[in-house]
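Just so it is clear, none of the values below were taken in a lab; they were calculated from the coordinates. In this text the structure is predicted, and so the values were computed from the model without any measurement. All Cβ positions, even for glycine, are placed from backbone atoms using ideal geometry, and neighbour counts span all protein chains on display.
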Amino acid sequence: MLHDSLEQLRLQAHDATTPGMLHEIATESLLLLRRAIAHDEPAVPLASWLAEVVTGLVHSPAAQASYTGEGQCQRIVTGLFGQGLGIPTAEICWLNVADTVPAAEAADHLLADTFREAGFAVHSPSSATTIGTRETWQSRLAQAVADKHIDQLCMMLDAGSWMTPAVLAALHDRALLQAAVLRSRPPQLKAHHLLPASDSIVDVRGHLITPLSDLARYIAAAAGSPTTRHSERIDAGVQAGVITAATAESLQQCTVAGLQLVFSRFAEGVADLPEPYAMVPQLERSMYGASCRNLSTIIAAVLTSTPSTPSIETSS
């Protein structure tokens with residue numbers, strides 16, 4: 001169980017009524033996160049907590065009041081935060097679903113700016129993710145399926161609400177999700193005299209967090225589960241017989257290791273960027289290398305054991 005101060009902030013996030021409260025809670029969440037890391041709070045609950053704080057703020061009355069368009073706007077959190085993998089260096093991403101056709105200027109830059117000022121990164125919307133009605137989003141989904149657009153489909157699958165079931169119903173070919181897993185599979189570390197080469201790269205988010213996210217998404221889809229939470233996706237795979245309990249345990253261990261590495265580096269002020277192997281402390285190198293090898297093996301086993309699908313061209 002996390003410290004009471006963390007739980008109190010999580011509850012306050014949902015009830016933020018002014019821009020000032022929203023900014024204060026967002027800022028305090030990162031301060032409390034650093035303190036929790038220093039006190040060795042468990043990594044998985046801590047990541048889930050940060051994701052819930054951010055989600056609460058996005059859904060808060062203050063955030064709703066910041067919408068400048070007519071009618072109401074449903075904001076659906078997606079990406080790592082939508083999966084309960086709240087890491088402080090990941091981009092916060094949400095999809096805007098308006099109940100009326102919005103004007104082009106009906107953006108939510110005020111909310112995005114508030115998060116950025118507090119120290120978070122925020123995803124910049126593209127033409128495929130700008131605000132739209134539910135019908136607009138359904139058309140985008142159909143187009144993404146037709147275009148085999150991996151990134152857009154993964155973003156919608158991670159969004160939850162009505163979007164995830166809609167994607168599962170439309171996406172009959174799991175090859176797209178397999179492709180997402182394969183492209184992020186951790187690469188082998190370069191070796192020199194049976195030891196990792198000094199110019200090998202450590203990329204915790206790219207080679208651990210991202211492939212873990214991609215694999216859990218694929219497992220849940222193969223199980224027919226609409227859940228978006230990372231741990232629940234793994235559990236759904238066990239219940240549906242997609243993976244074994246032993247594989248699930250190994251995936252959870254990799255998740256803990258990846259989050260611990262992200263949090264420790266964040267607390268130390270290390271940039272969340274690929275880094276030369278020789279520059280990373282020995283203990284972190286060992287944890288990183290072992291987790292990457294384990295995850296790569298699991299990915300190969302899971303994709304081999306699930307029904308094969310034809311090779312396809314993909315766009316990202």
Nitroxide proxy distance, nm - points 7 Å out along Cα→Cβ at residue 99 and residue 124: 3.3
Length released on extending from residue 162 to residue 244, taking residue separation times 0.36 nm less the Cα-Cα span: 26.6 nm
Calculated FRET efficiency for the pair residue 188/residue 278, C-beta based, R₀ 22 Å, to 0.05: 0.80
Efficiency of FRET from Cβ geometry, residue 39 and residue 151, R₀ 51 Å, rounded to 0.05: 0.90
Stretchable slack from residue 1 to residue 286, in nm (0.36 nm times residue separation minus alpha-carbon distance): 99.8 nm
Shape call, the chain: gyration tensor on alpha carbons, a/c limit 1.5: oblate
Tensor-based shape of segment 126-172 (alpha-carbon gyration tensor, a/c under 1.5 rounded, otherwise prolate or oblate): rounded
The chain, helix-only ellipticity at 222 nm - DSSP H runs n ≥ 4, -39,500 (n - 2.57), divided by all residues, nearest 500: -17500 deg cm²/dmol
Two-site label geometry, residue 72 and residue 293: point separation in nm, points 7 Å out along Cα→Cβ: 5.4
Hull volume in cubic angstrom per residue (convex hull over the Cα atoms of segment 173-305): 108
Label-to-label distance, nm, for residues given as residue 65 and residue 271 (7 Å Cα→Cβ offset): 3.8
